[in-house]
């Protein structure tokens, strides 16, 4: 994890002496390179969840070091014993892709976090979270683009956004301001940066998912 952005980068291998892939590259790659060397694994690709700077900083270095492709679109691939599916999950960014490895792990980028979701277009974020991720089994491990690992089941039961979107909890009614604009606070959740995340509905009827630091309660 990069300490400033709190962004995660991952290395995943099928076995010792096997094949590996990297997922995102915003954090110092040294621990990933050490792990791949310790495993004796051969890197085959870099999986990019989206192109924001905090997720691609070291991408060119890794690509040139191992002469491997960058995969940044939906599809299906097999590298050694690694079976990977890429699924479009737009909302936080237009190019967001989640990668499912072995039907056991999903790398969610900046769409789904522990207790929160990514900022962006609320309708598209909701569709990606509810139609894609919440259709996965509860046991699926969630490795997000920032900070803590979680599971689909844990987020189904505890994520404030998911609970409201699923009808398990009602929408909020608290009045707030966002950048001086009057709004209703629909959902408030923790967020990976400790500042909270909010879904607000402005007085003109438009919705937004914004960082908690922008909300005056």
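Quick note: the coordinates plus some simple rules give every number you see, no bench work behind them. It should be emphasised that the depicted structure is a prediction, and the values quoted were computed from it without experimental measurement. Virtual Cβ from ideal backbone geometry, glycine too; neighbours counted across all protein chains shown.
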> Among 180-192, 85-97, what's the highest-first ranking by average C-beta atoms within 10 angstrom per residue?
Replying inline: 85-97, 180-192
> Helix 30-39: angle to the longest alpha-carbon principal axis of the chain, degrees 0 to 90, nearest 10?
Replying inline: 50
> Once the Cβ-Cβ distance between residue 214 and residue 61 is put in as r, and R0 is 45 Å, what FRET efficiency do you end up with, to the nearest 0.05?
Replying inline: 0.85
>> Over the chain, with a Gaussian network built from C-alpha contacts below 10 Å, which listed residue (200, 71, 129) shows the highest mean-square fluctuation?
In response: 71
> Using 1/(1 + (r/R0)^6) with R0 = 45 angstrom and r between the beta carbons of residue 175 and residue 1, what's the FRET efficiency to the nearest 0.05?
Replying inline: 0.80
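Sort the following peptides by mean Cβ neighbour count (other Cβ atoms within 10 Å, averaged over residues), highest first: 24-37, 113-126.
Top of the packing list down: 113-126, 24-37.
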>> Multiplying the sequence separation of residue 38 and residue 88 by 0.36 nm and subtracting their Cα-Cα distance, what value in nm do you get?
In response: 14.7 nm
>> Just to be sure I understand the model, the point goes 7 Å from the Cα along the line to the Cβ. What's the resulting residue 95 to residue 195 distance in nm?
In response: 2.4
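Of all DSSP beta bridges in segment 10-169, what percent run antiparallel (nearest 5)?
Taking every DSSP beta bridge with both residues in segment 10-169, the antiparallel ones total about 65 percent.
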>> For the pair residue 130/residue 166, report the inter-label distance in nm, with labels modelled 7 Å from Cα in the Cβ direction.
In response: 1.2
